[in-house]
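Undergrad: The structure follows.
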Amino acid sequence: MKSIRIQPVGPATFQIDVVCDCGANALANEKTGERSLRHEVVLGDVPEETHAILFCERCGKRYRLHPQWSHFHVSDEPATDGKE
Ligand SMILES: [Zn+2]
């Protein structure tokens, strides 16, 4: 990713905006399809299957928002060519 904006909105809640390598922002949440500058992350013991995956509709790159108890990770996620 090019940059990340992190806005605290509560003791364990953050709103995250990831700017893709291609320069696009307002990425889409892969599960809900919602495009937003404010993807919410709540810290805690979040099971992997519920991690948010942000998807760039312009170039197809994906980024994972991975909350843990005291912090969260934002990482590149492999492309899923052929995924339905
Ligand atoms: Zn992109």
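Undergrad: Of the residues in segment 43-73, how many are in contact with a strand residue (DSSP E or B) (Cβ under 6 Å, 6 or more places away or on another chain), of a type in the set (A, V, I, L, M, F, W, C) and within 13 Å of residue 18 (Cβ to Cβ)?
TA: Within segment 43-73, residues that are in contact with a strand residue (DSSP E or B) (Cβ under 6 Å, 6 or more places away or on another chain), of a type in the set (A, V, I, L, M, F, W, C) and within 13 Å of residue 18 (Cβ to Cβ) number 6.
Undergrad: So, one more: Restricting attention to segment 7-27, does a residue exist that is under 10 Å from the mean Cα position of the chain (by Cα) and aromatic (Phe, Trp, Tyr)?
TA: no
Undergrad: Give segment 52-74 a look and list any residue that's surrounded by 13 or more Cβ atoms within 10 Å (Cβ to Cβ) and basic (Lys, Arg), or say none.
TA: Those that are surrounded by 13 or more Cβ atoms within 10 Å (Cβ to Cβ) and basic (Lys, Arg): 61, 62, 64.
Undergrad: Among the listed residues 77, 49, 40, which satisfies the condition of being loosely packed, with under 13 Cβ neighbours inside 10 Å and not polar (S, T, N, Q)?
TA: Going through 77, 49, 40 in turn, the sole match is 49.
Undergrad: Quick check: anything in segment 31-42 assigned to a loop (DSSP other than H, G, I, E, B), at pLDDT 95 or above and in contact with a Leu (Cβ under 7 Å, 6 or more places away or on another chain)?
TA: Scanning segment 31-42, I find no residue that is assigned to a loop (DSSP other than H, G, I, E, B), at pLDDT 95 or above and in contact with a Leu (Cβ under 7 Å, 6 or more places away or on another chain), so the answer is no.
Undergrad: In segment 2-23, what count of residues is obtained for those that are within 15 Å of residue 62 (Cα to Cα), in contact (Cβ under 8 Å) with a residue 24 or more places away in the chain and crowded, with 16+ Cβ neighbours inside 10 Å?
TA: 3
The values are calculated or read from the model by the stated rules, or taken from the named source; none is laboratory data. Just so it is clear, the model here is predicted, and its values are computed rather than measured. Virtual Cβ from ideal backbone geometry, glycine too; neighbours counted across all protein chains shown.
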